[in-house]
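Here is the structure we will look at.
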Amino acid sequence: MAHAPPLALSARLDDARLYAHRYVEDRDAIRFIDLPRARHGEVPFLTDGYLGNPVPVGDIAAEACLAALPDRPVHFIFHSAFCGSTMLARAFDAPGLAMGLSEPVLLNDVVGFRRRGAPAAQVARLADLATRLLARPFGPGEQVVIKPSNVIASLASLLMALRPSARAVFLSAPLEVFLVSVAHKGLSCRLWARELLQGFLREGLVDLGFTDSDLFRQSDLQIAATGWLVQHRLFKQAMARPDGGRIASLDSEAMLARPEAAIAAVAAHFGLRADAAQVRAMAQGSAFARHSKSGQPYSRDARERDYAKVREAHADEIGKVAIWAREVARVNGFDLTPSRCLL
């Protein structure tokens, strides 16, 4: 693989188009790709599959990046999945105000590094570097809003500690709505829910009184609900920390019902000076009018029709799993009521 000369690349480190894509662990370097701003809006996630396996333009040593990068403002949209987080991140592609990054893989690499047993100090160093790189603004006066993938949940408190000026939103769907989404998306989503929980198990995060045998006997929707519970408890704990006041909650259904109010509330929470016209443009743009994954036109009414069919087909299982999950939460002593709601 050919790489650009490090000095030539280093001179472009202030250019957000030189996108920090992956961590090359055996070289302790960051791999960069060329990613114009417009390309961000064409894909739901910044993964190799959606980006078409982009050709790297080169690597820069981690230490060289750290030495060259200041601490810039950055904010986070953490989420429990299937709650409109991709739409919200896309809405913050607002030139002159902000830029939203949807699930950068570099942050997933931080989680993988941790799960492979890297020392805590090295994980923190990589997380610091990743957030500094991703925070590079795309235009004058802009700030970056990062929507990480779900696997980042265990590192949310670390990311907030590393970026003391950062603010975050925990966006989540009500439990029943989340379960309807899993059922609606079919087998691939059921497998995704199991993979997510498997990762949480590796990190020792599933402290809900289940044995391995208990988990083996859980249905797909129970596994999905268990992962939902783990994430909600993690963010409840993060909000209870001394710096937890920088994290607020947002309900997906409230956001979809009142997108303009939601965007205004999130922008204000992030300290972004969005005027009424900007907020209206963000709410009425393509982000809330198209399916976040396929890009096809998709209205809230169409979503409700789709979900009504799923509820009818899976009502018995969804209802029973929701009751079971709430009892699991009660037995384990944590309240599912959202904290510091923006709407």
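Here are a few things to note about the model shown:
- Student exercise, the range 205-343 dipole from Lys, Arg, Asp, Glu Cβ charges, in Debye to nearest 20: 440 debye
- Radius 14 Å from Cβ of G204, net charge of other residues (Lys, Arg +1; Asp, Glu -1): +1
- Semi-axis lengths, Å, the chain, gyration tensor of Cα atoms, sqrt of 5 times eigenvalues: 32, 24, 19
- Ellipticity at 222 nm from helices only: DSSP H runs of n ≥ 4 in the chain, each -39500 (n - 2.57), divided by the residue count, give -15000 deg cm²/dmol.
- Close amide-amide hydrogen proximity is noted between G58 and A4, F32, each under 5 Å apart and 5 or more residues distant or on a separate chain (H modeled in the peptide plane; Pro and chain starts excluded).
- For Q143, the amide hydrogen comes within under 5 Å of the amide hydrogens of A98, M99, counting only partners 5 or more places away or on other chains and with H modelled in the peptide plane.
- Long-range amide H partners of V24 with built H, under 5 Å: A29, I30, R31
- Cα-centre dipole for the chain with unit charges at Cβ (Lys and Arg positive, Asp and Glu negative), debye to 20: 320 debye
- The long axis of helix 187-202 is offset from the longest Cα principal axis of the chain by roughly 70 degrees.
- Share of pairwise Cα separations in the range 62-182, more than 20 Å, in percent: 44 percent
- Value of Rg/Rh across the range 3-83 [Cα atoms, Kirkwood radius]: 0.99
- Net charge contributed by nearby residues that have their C-beta within less than 12 Å of S188 (K/R +1, D/E -1): +2
- When nucleic acids and ligands are ignored and a 1.4 Å probe is applied, V105 ends up with an accessible area of around 20 Å².
- Inter-site label distance for R72 and R115 at 7 Å from Cα along Cβ, in nm: 2.9 nm
- Cα centroid of the range 75-99 to Cα centroid of the range 4-63, whole Å: 21 Å
- Restricting the range 8-61 to trypsin sites (Lys or Arg not before Pro) that sit in a DSSP loop and have at most 16 other Cβ atoms within 10 Å of their own Cβ leaves R12, R17.
- Phi-based couplings in Hz for the range 322-333 (Karplus 6.51, -1.76, 1.60; Gly and Pro marked x): 5, 4, 4, 5, 5, 5, 4, 4, 4, 4, 8, x
- Across all directions, the average flat footprint of the convex hull enclosing the Cα atoms of the range 237-343 is 8.9 nm².
- Charge context of D128, other residues only, Cβ under 13 angstrom, K/R +1, D/E -1: +2
- Which of L208, S188, A264, positive extreme of dipole for the range 160-264 (C-beta unit charges): A264
- For the residues A38, A156, A130, a GNM of the chain with alpha-carbon springs under 10 Å puts the largest fluctuation on A38.
- Mean Cα-pair separation over length for the chain, i.e. relative contact order, pairs under 8 Å, 6 or more apart, %: 19 percent
- Taking Cα centre as origin and charging only the Cβ of basic (Lys, Arg, +1) and acidic (Asp, Glu, -1) residues, the dipole magnitude of the range 137-273 rounds to 300 debye.
- Residues E312 and D214, FRET efficiency given R0 of 35 Å [Cβ-Cβ distance, rounded to 0.05]: 0.70
- For the range 153-272, the fraction of alpha-carbon pairs in successive 10 Å shells from zero, as %: 12, 36, 35, 16, 2
The values are calculated or read from the model by the stated rules, or taken from the named source; none is laboratory data. Remember, predicted model here, so these are calculated numbers, not experimental data. Counting neighbours? That spans all protein chains shown, and the Cβs are built from the backbone with ideal geometry, glycine included. For the accessible areas, the whole protein counts, side chains as well, though only heavy atoms, and no ligand, DNA or RNA atoms are used. Shrake-Rupley method; radii C 1.70, N 1.55, O 1.52, S 1.80 Å.
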